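Everything on this sheet refers to the single structure shown next.
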Amino acid sequence: MAFGSAIKAATHRPPVRGVPTFADSTLGDIATYDDPVVRQAAIAGLGHYNGSVVAVDPNSGRILTVVNQKLAFSSGYIPCSTIKPVIAVAALEENVITRDTMIKVAPRLYLNLVEALAHSNNSFFEELGRRMGFDTVSRYARLLGLGELAGYNIPEEQPGALPSEPPKNGGVARMSSFGEGIQITPLQLASLVSTLANGGTIYYLQYPHSEAEIANFQPRVKRKLDIESLLPDIRDGMLAAVLYGTGRLSYVGDEQALGKTGTCSDSASRVGWFVSYADQVHPKIVIAVLMRGQNRVVTGPMAAGLAGRIYRRLDEANYFENSTPKPNLSAKTTASR
């Protein structure tokens, strides 16, 4: 079914008890000081779906918009396959694999890292988790910002959660492929991919709430990671996901995004994620899309389609032409909050 047809068909389905698939995701938002172009694109892209969109400048950590603030500032959701870039960083840094390592994922099928990311292959990342073990996987998850607040002075934000022991359902293998036992927020996911986009700097996310805060905005560095040499392999996998893999519904052409999908379920609903950034050479924006609901359209690939709609709206508004990367020279390094 085509993306547009899927939306039309799903819109006319009767309501289902539990977490709804469709909702007004702007109710209760206070967005006076959001970037108006980004916010309108995010609202239009999300449409009638029950979900959240968080957009961040990866060069400074400034939050550009939060659509559905109630959902974004919740205690978090299972990351599904968006955990896979974290596992890739860990496996490359620990020399468990290289770009060219082939891992058997089916009786007659072997994949390398790029193809495993492109197609979000669970068997590949389960094997990486088994090879590294729970302690190593947990250490890199924390290093990349999971289980801690992503923001600076955002009182509504919650830190998500990391398990203290291997999950009973699938152990470290399932933790490494689906994020079993992990709770991640849209802010944390946007922060994670901002770090991959900018070369290893974790900025505190800051959400200006006044004209003065916008005028006096200064980036704040939480920590810098020496991972730049690992990132080309991961970026190639995220690009492949958009070009021909699970995130291909996000494809928009000129301002090509790199992204990662995630599809799974928690105890209350289906969960669909897509997190991405554009453009490749000079990253200008990171967009994290979360979908929730009971309908089968709630998937990572559909979330990628919603992100594609956002990117098209931004392109129509000449956002990428008018947006220039912000220098990092004035960033304040903050060891702790």
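The values are calculated or read from the model by the stated rules, or taken from the named source; none is laboratory data. Quick caveat: nothing in here was measured; it's all calculated off a predicted structure. Reconstructed Cβ throughout: ideal geometry from the backbone, glycine too, with neighbour counts over all protein chains shown. Note: accessible area is taken over every heavy atom of the protein model, side chains too, but ligands, DNA and RNA are not part of it. Shrake-Rupley method; radii C 1.70, N 1.55, O 1.52, S 1.80 Å.
Kindly evaluate Val242 against the criterion of being assigned to a strand (DSSP E or B), over 19 Å from Gln158 (Cβ atoms) and either aliphatic (A, V, I, L, M) or touching a Lys or Arg at 6+ places or on another chain (Cβ under 8 Å) (or both).
No; evaluated as a whole, the condition is false for this residue.
Matching residues to (1) of a type in the set (A, V, I, L, M); (2) open to solvent by 20 Å² or more (accessible area, probe 1.4 Å):
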| position | (1), (2) |
| --- | --- |
| Asn153 | no, yes |
| Glu156 | no, yes |
| Gly171 | no, no |
| Gly181 | no, yes |
| Thr185 | no, no |
| Leu189 | yes, no |
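Do you know which of the residues in the range 96-113 that are farther than 17 Å from Asp233 by Cβ and open to solvent by 80 Å² or more (accessible area, probe 1.4 Å) is nearest to the chain's Cα centre (by Cα)?
Among those residues, the one meeting the criterion is Lys104.
Can you give me the number of residues within the range 133-150 that are open to solvent by 10 Å² or more (accessible area, probe 1.4 Å) and part of a helix (DSSP H, G or I)?
Total satisfying the criteria: 8.
Return a yes/no flag: does the range 315-333 have any residue that is open to solvent by less than 10 Å² (accessible area, probe 1.4 Å), over 19 Å from Pro20 (Cα atoms), in a loop (DSSP other than H, G, I, E, B) and at pLDDT 90 or above.
No, because not a single residue in the range 315-333 is open to solvent by less than 10 Å² (accessible area, probe 1.4 Å), over 19 Å from Pro20 (Cα atoms), in a loop (DSSP other than H, G, I, E, B) and at pLDDT 90 or above.
Of all the residues that make up the range 261-282, how many are open to solvent by less than 10 Å² (accessible area, probe 1.4 Å) and of a type outside the set (Val, Ile, Thr)?
8
Which count do you get for residues in the range 29-58 that are touching a Phe, Trp or Tyr at 6+ places or on another chain (Cβ under 8 Å) and either part of a loop (DSSP other than H, G, I, E, B) or among the hydroxyl-bearing types (Ser, Thr, Tyr) (or both)?
Total meeting the criteria: 4.
I need every pair where a residue in the range 85-100 that is acidic (Asp, Glu) has its Cβ under 7 Å from the Cβ of a residue that is in a loop (DSSP other than H, G, I, E, B), sequence separation at least 6 or different chains.
Note: pairs meeting the criteria are Glu93/Ile227; Asp100/Asn112.
Any residue in the range 270-297 that is among the acidic types (Asp, Glu) sitting within a Cβ distance under 8 Å of a residue that is part of a strand (DSSP E or B) and open to solvent by less than 10 Å² (accessible area, probe 1.4 Å)? List the pairs, counting only those 6 or more apart or interchain.
Between residues of the range 270-297 that are among the acidic types (Asp, Glu) and residues that are part of a strand (DSSP E or B) and open to solvent by less than 10 Å² (accessible area, probe 1.4 Å), there is no close pair.
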